[in-house]
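A short worksheet on the structure shown next.
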Amino acid sequence: MVSRVGDDQVVLGLRENLAQFLLLVAINAFVGGMVGLERTVLPLIAEREFGLASKTLILSFIVSFGIVKAITNLIAGRASDRIGRKRLLVLGWLFGLPVPFMIMWAPTWSWVAAANVLLGVNQGLCWSTTVIMKIDLVGPRRRGLAMGLNEFAGYGAVALAAFASSALSDARGLRPPLFVLGVTFAVLGLVLSLAFARDTIAHARAEALRNPRGAADSPSFREVFARTSYREPSLFAASQAGLVNNLNDGLAWGLLPLFLAAAGLDLTRIGVVAAVYPAVWGVGQLATGALSDLWGRRWMIAWGMWIQAGALALIASTPKLAPSAGASFALWLAGAAFLGLGTALVYPTLLAAIGDVVDPSWRASAMGVYRFWRDLGYAAGALLAGAVADFLGIAWAFAAIAALTFASGVVVAHRMRETAGN
């Protein structure tokens, strides 16, 4: 769809904004790379270099990351409606620059937790604004495709960074790869954002002028928060699904490396399993985002949650199912792949569903509220998984969160209306 408004000839559409869209895809790959560096080795650093035994304490870095990222998402959504997108994108990279230095030189685990506070701000500002900017550029008809490409870039980079950090750590130690790769990602992301990215708020305003609801529907932030959190059934269904999705992602991030290490896998094979999950998630979104434009959002989200639940149950039960170490490794790879497939069905589709329901004039604010609830899932997942693992064992933590994930899919099936085409 193309829309031209005013003297500036603002154009909506993927093809019409392809160069800027692809630049934002590249920037989001560096955003994903920053967090991907931690997914394999940071829990192992906690155990091996800092001597932490409590799973709850080890997962404290995910708690600090999730809470800060959730709050930053909330602020970023509203602020981008008021001051534009690019300033927040650049600010996010400035917060990300110190992170690899703090982890490399950390004398205590509290330094790592503090670094993840800054990483949460970086992710909240940068990932939120790249999502919003892509939705602004493409207009209403290609939201699913746009979100699929955005999340493919981000989580494809998570997978590559997770594997690269584990492979390099075998040869160079656990921390140096985080430092070298982290500085590279942060500098490149900042330079591209500062020098080449253009603000897209004019595109959102152009789309709002075409929408007859826009002039009459300009809610306060309190009203936006209420609608997105619980008042509008489809937005509530999306918000709780996002929270539970990241709850199980926090589990996979924090406990999967420890679970596999305790089962006897070496660091390289742990890195393979840890990378397969975001790799399938990232690549799968190339198809699932676009397919949600054709097939609809509701059932793709529900089935995605149910597939995730089955994958978590498979990972937890593998030690009892597999007759050999090779069979265990194969089943863990399968569980990671299915976890990635389920997440690929859910992640871009939830973002597109939010964009379907809300008016462009307050879309960024609603997206911020949704992402607030979604990323609180990291903190909730780390706390819940850590507590269950400390009392009952890691396998029980996987089983408990699998049950919650299945229940979340049921909520989507019963509360969300079909939003595609709105």
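Where a number appears in this text, it was derived from the coordinates with a stated rule and is not lab data. Here the structure is a predicted model, which is why all the values come from computation and not from measurement. Don't worry about glycine lacking a Cβ; one is built from the backbone with ideal geometry, like all the others, and counts go over all protein chains shown.
A few notes on this one:
- Label-zone membership for the stretch 347-366, site ARG231, 7 angstrom Cα→C-beta point, backbone N under 17 Å: 357-366
- For the stretch 340-404, fraction of C-alpha pairs farther apart than 20 Å, in %: 45 percent
- Across the options MET305, VAL358, ILE401, the greatest Cα extent toward the positive end of the charge dipole of the stretch 294-422 (unit charges at beta carbon of Lys, Arg, Asp, Glu) belongs to VAL358.
- The tail of the calculated P(r) for the stretch 252-389, taken as Cα-Cα distances beyond 19 Å, holds 58 percent of the pairs.
- The phi torsions of the stretch 76-81, fed into the Karplus equation with coefficients 6.51, -1.76 and 1.60 and a -60° offset, translate into couplings of 5, x, 5, 5, 5, 6 Hz, rounded to whole numbers, with Gly and Pro shown as x.
- Alpha-carbon gyration tensor eigenvalues x 5, square-rooted, for the chain, Å: 34, 24, 18
- Multiplying the residue separation of ARG198 and ARG82 by 0.36 nm and subtracting their alpha-carbon distance yields 40.2 nm.
- FRET efficiency estimate (nearest 0.05) - Cβ-Cβ, VAL187 to ASP266, R0 41 angstrom: 0.80
- On Cα atoms only, tilt of 201-210 relative to the major axis of the chain in degrees: 50 degrees
- Based on Cα atoms of the stretch 213-327, Rg over Rh with Rh as the Kirkwood radius reads 1.11.
- The lysine pair tally for the chain, using Cα distances under 26 Å and a gap of 8 or more places or different chains, is 5.
- When the charge dipole of the chain is built from unit charges on Cβ atoms (+1 for Lys and Arg, -1 for Asp and Glu) and taken about the Cα centre, the candidate among THR129, SER234, LEU188 whose Cα reaches farthest toward its positive end is SER234.
- Relative contact order (%) - criterion: Cα under 8 Å, at least six apart; region: the chain: 27 percent
- Equivalent ellipsoid of the stretch 65-125: semi-axes from √(5λ) of the C-alpha gyration tensor, largest first, are 25, 12, 5 Å.
- Gained length - ARG48 relative to LEU94, 0.36 nm times residue gap less alpha-carbon distance: 13.5 nm
- Modelled this way, with points 7 Å down the Cα-to-C-beta line, the labels at SER220 and LEU333 are 5.7 nm from one another.
- Amide H within-cut-off set for GLY139, under 5 Å, with H built and near neighbours excluded: GLY13
- Computed from phi, the 3J(HN,Hα) profile of the stretch 19-31 under the Karplus parametrisation 6.51, -1.76, 1.60 (θ = phi - 60°) reads 4, 5, 4, 5, 4, 5, 4, 5, 4, 5, 5, 5, 4 Hz, with x in place of Gly and Pro.
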